[in-house]
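One structure below.
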Amino acid sequence: MSGNFGTDLNTVETGWQVYPELYGDIFPRFFVYWTNDSYQSTGCYNLYCSGFVQTSNSVAVGTTITTTSTYNDTNLQYVIRITVWKDQKTGNWWLRLGSTVVGYWPQFLFSNLASSATIVEFGGEIVNTRPSGSHTATQMGSGHFAEEGLGRAAYIRSIRVVDSNDALIPATNLSYYAEAPNCYDIQGGVDDSGESFFYFGGPGKNAKCP
């Protein structure tokens, strides 16, 4: 979730990530993040600075995700279900993982997110420092392109947004964007129930992504 743009961009972010420099390993982990000044000097991951307030004693931010999908096996595909919503009374932004309320970002952290979000984004990202002058070989998702589909590519489904009445409604008319489609790409659609989904990811450095 984010509010406004420029140097006063406010965001709350969550999902799973692999970040060896932060955690010291290559395991996927459940994370949270926030900033209120476009990543300049405020905000941090998880509980590394004051900000996000964890209220759950059963789910910890930064925890390792131990059950992962198996490539090329549609019967062994796993998802994490994440909900972020704004408490209309307190103004806090709450986070739920599955059925467990994990915690919240307090309203006082933000200016542009104090009332509502202006944009909601879903997807993946990598850090490309161009080691040795070439594109990083860091994988996104499963490391396979979107066109490989279910059981092979990473996906996000049941995409919904919370409206001003606190109702979850299917997100429609999504815009899809891949910054470097020869390295990582995306393909979206709508399922039989009318809900949006998309496949995404890729291997990074390859013959078409030098």
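Just so it is clear, none of the values below were taken in a lab; they were calculated from the coordinates. Not measured: the values here are computed from a predicted model. Positions of Cβ are backbone-derived with ideal geometry, glycine not excepted, and every protein chain shown enters the neighbour counts.
Annotation: the residues 156, 82, 26, sorted from fewest to most other C-beta atoms within 10 Å of their own C-beta, follow the order 26, 82, 156. Comparing 200, 122, 108 in a Gaussian network model of the chain (Cα springs below 10 Å), the most mobile by mean-square fluctuation is 108. For the range 165-210, the C-alpha radius of gyration divided by 2.2 N^0.38 Å, with N the number of residues, is 1.55. Between the range 30-45 and the range 131-210, what is the separation of their alpha carbon centroids in Å? Taking the Cα centre of each part, the range 30-45 and the range 131-210 sit 23 Å apart.
The aspartates and glutamates within cross-link reach of residue 89, meaning a Cα-to-Cα straight distance under 17 Å and a gap of 8 or more places when in the same chain, are 163, 166. Mean-square fluctuation check for the chain, GNM, Cα pairs under 10 Å: which of 98, 141, 24 is largest? Greatest mean-square fluctuation among the candidates belongs to 24. Quick one: grab the alpha carbon gyration tensor of the range 1-121, order the square roots of its eigenvalues as a ≥ b ≥ c, and give me rounded if a/c is under 1.5, else prolate or oblate depending on whether a/b is larger than b/c. Prolate, because a/c is 1.5 or more and a/b exceeds b/c. Here the chain was treated as a single set of alpha-carbon atoms; its pair distances binned every 5 Å from 0 give 1, 6, 13, 17, 19, 19, 14, 7, 2, 0, 0 percent.
In summary, the range 130-210 shows an alpha-carbon radius of gyration equal to 1.31 times the 2.2 N^0.38 Å reference for compact globular proteins. When the chain is treated as a Gaussian network with alpha carbon springs shorter than 10 Å, the biggest mean-square fluctuation among 38, 115, 175 belongs to 175.
Sorting 81, 96, 152 by the number of Cβ atoms found within 10 Å of their own Cβ, with the fewest placed first, yields 81, 96, 152.
Cβ-to-Cβ counts within 10 Å put 208, 86 in ascending order as 208, 86, the fewest first.
Where in the range 131-184 are there chymotrypsin sites (Phe, Trp or Tyr not before Pro) that are in a DSSP coil and have at most 11 other Cβ atoms within 10 angstrom of their Cβ?
Sparse-neighbourhood loop chymotrypsin sites (Phe, Trp or Tyr not before Pro): 177.
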